[in-house]
């Protein structure tokens, strides 16, 4: 397999983008990615999207996106793994270039969530339809149960959860493309509307529109496109039991742990080698469970990370410097690709106020549903 | 890239399978495929599915399928390209094994269409939502327009269309897993209910449930699993303008032609080298346009192929010996994989009454929507 690098990136602002359709969002991000890489053609295209069908009545969207980009003809494939669709697309783009199937591939993620669909019901189709959704559960409810399990097992508190959002909003306040730029306090988070006990409104990621795209080429051709390529060192992917009730431990995310283990094995790296990371904080409890699963904190100790500053800018391992899904926004199919863009910018030293000084190695962790699928990618500065 | 072989296959009967859910269908096909290959583990899983979200309220179905197969933990990815979802999944499984990412991969396709969803409206989401569907078009209507364009340009007749269905039903009558086993006459086809002029009911593929799965391994390890592996020689994938109105010629399927051209280039083969083929006959006109696009007939001459017997069993190039989508059934996400299974069985000499004598090289052509995405795979006996 060939080494693979990211040589360009583009993304829309994330938010309620009433003026842009699904295809508009994709094209905006894709054109910016092509321009930034100076690429004038594509050999292959992967589009991560959770539910164009349910959100806007559009399946079969990979050829449509290629067409609207003015590139009808190229191979184009849509990939879905709920909120991990972007991460799954990135893995396929990596495989396409690594295998030699293509020399210039685009990986994009896109979701249009604010077009009138019943978002909570659409998102619920990422859970087990027969064993969970049918009985009325929604995603805030599923993550509330994960939070309750974590609280019962490790003594995690409401305040621990709130600190995660405080940190996310602090980081997001420095990201021009984030949905929210307002800092919040622990008191504001804790006193915001209860969505699913113990998760408050400010501990839940928002409903967002947005798209993100990156250009992948073989590492040995990367300097044709940019003097600052970022290498994809390796990827791990895993699944777990789908229904929460079928899991070994509802407080643990086994698919995330396994995906991370595979990514570390593929790269020969360990958690201590990572300088900056984006993890899947769809709810505050998710960031806590994810940093434990990828090995930044020991089991049960993720609860202290935001409060202590360990995962904040300037801390030992800054997590979600982009603002994360909470503050940057969470157009579900795009999030996995947007995570890669934050790491791409960090490793190129382009993150501005959010820059992690001297960042050499970065990690992204993206997951679907209540964590039954997960992707972990590891990147390094070349 | 490594050479890749199929070493096992499994599929459900296709039809209105009221007793089986989406997950049941997948597991039945997957277990049969694993058993037939004697494989006890998987390194990777790709699931082609067009619209679990709209048909049965289930997105995020790759981890769910891995879980229900008793293999939670493995990497699992769902791929969607409308009715070409199965073919797109096959390409990814091929890439996974060819690249060295995995040594044992399953490629499956599954669709549950008879669970109460408004099938015509769900299928319509494979067309251009803004420029076609919004204005009321459905798939029978789109293919009727393709048929009218073909008729106007080449003099194709209602009887030419009918002969395609007569052939399909003849082949399907010999396939135990087909949805329909009844032979039909030209008169019956032509006098059946008009669906979208000029396409009659017996010229439209049915609404079906079903699943199909194959096991892929590196060719040099294939003999561990079977003494009759079938090599995947190569694959071509392409897209075209999505909306019919945006195409160079509505009577031609440019994505199919381009995908075939790429598959021939990848393998060094030509249409004359193919002994047996499955093409995407979602409507009778589709088979005619597809055999032209893949080069079995010259432009405008596909209309004569079924009537002359050229594409029937015993003819120069037997097409859709399985019965095709028309007679075997068309659970949309499964069809691309089921096509590969027919060729797998033909090249192993296991097709029974439908056997093409001495078949050495086979081709599958799968497409999405009105043809904006297409996959062509070429296979050979080892």
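Just so you know, all these numbers are worked out from the coordinates, no wet-lab data involved. Keep in mind it's a predicted model, so treat the numbers as computed, not measured. Cβ atoms come from the backbone with ideal geometry, glycine included; neighbour counts cover every protein chain shown.
Counting, for every residue in B:77-90, the Cβ atoms of other protein chains within 10 Å of its Cβ and taking the mean gives 5.
Cα-based values for region B:113-214, radius of gyration first and Dmax second, are 15.3, 42 Å.
Using a cutoff of 8 angstrom between alpha carbon atoms and counting only pairs six or more residues apart, the relative contact order for chain B works out to 26 percent. How far is helix B:158-172 tilted, in degrees, relative to the longest principal axis of the Cα atoms in chain B, given as a value from 0 to 90 rounded to the nearest 10? So the helix axis and the longest Cα principal axis differ by about 30 degrees. Where both residues lie in chain B, what percent of DSSP beta bridges are antiparallel, nearest 5? Rounded to the nearest five, the antiparallel share is 75 percent. As a proxy for reagent exposure, B:373, A:308, B:51, B:20 were ordered by neighbouring Cβ count within 10 angstrom, fewest first; the result is A:308, B:20, B:51, B:373.
The mean number of partner chain beta-carbon atoms within 10 angstrom of a residue's beta-carbon across peptide B:40-50 is 1. Projected onto planes of every orientation and averaged, the convex hull of the alpha-carbon atoms in region A:23-145 covers 8.8 nm².
Helix B:85-99 and the longest principal axis of the C-alpha atoms of chain B enclose an angle of approximately 40°. Direction-averaged projected area, Cα convex hull, region B:157-268: 10.6 nm², rounded to one decimal.
The angle separating the long axis of helix A:139-154 from the principal Cα axis of greatest extent in chain A is about 60 degrees. Please report the spacing between the Cα centers of region B:13-75 and region A:220-260 in Å, no decimals. For region B:13-75 versus region A:220-260, the Cα centre distance is 22 Å.
Put simply, when B:106-115, B:315-324, A:116-125 are sorted by average Cβ atoms within 10 angstrom per residue, most first, you get B:106-115, B:315-324, A:116-125. Reducing region B:296-357 and region B:110-175 to their Cα centroids gives an inter-centroid distance of 18 Å.
As a proxy for reagent exposure, ranking A:195, B:104 by other Cβ atoms within 10 Å from fewest up yields A:195, B:104.
Taking other C-beta atoms within 10 Å as the exposure proxy, A:163, A:18 rank A:18, A:163 from fewest upward.
Based on Cα contacts under 8 Å between residues 6+ apart, region B:1-129 shows a relative contact order of 32 percent. Comment: the Cα-to-Cβ extended label point of residue A:316, at 7 Å, lies 7.4 nm from its counterparts in the other copies, nearest first. Which whole-number percent is the relative contact order of region B:136-245 (Cα, under 8 Å, 6+ apart)? Across region B:136-245, relative contact order equals 22 percent.
The three principal axes of the Cα atoms in chain A give end-to-end lengths of 53, 44, 38 Å, sorted in falling order. Chain B has one residue whose beta-carbon comes closest to the axis relating it to chain A; that residue and its distance in whole Å are B:99, 2. Restricted to Cα atoms, the protein assembly as shown shows a radius of gyration and a Dmax of 25.1, 80 angstrom.
Treating each Cα of region B:39-92 as one equal point scatterer and applying the Debye formula with no solvent, the log10 of I(q)/I(0) at q = 0.26 Å⁻¹ comes out as -1.02. Each copy carries a label point for residue B:1 at 7 Å from Cα along the beta-carbon vector; from one copy to the others these points are 1.5 nm apart, nearest first.
Counting Cβ atoms of other protein chains within 10 Å of each Cβ in B:61-71 and taking the mean gives 6. Inter-copy label distances at residue B:31, using a point 7 Å along Cα-to-Cβ, come to 5.3 nm with the shortest given first. Taking every Cα-Cα distance in region A:249-336 and sorting them into 5 Å bins from zero, the calculated P(r) comes out as 3, 14, 25, 27, 20, 10, 1 percent.
Taking every DSSP bridge with both residues inside the protein assembly as shown, close to 75 percent are antiparallel.
Expressed per residue, the C-alpha convex hull volume of region B:207-251 stands at 175 Å³.
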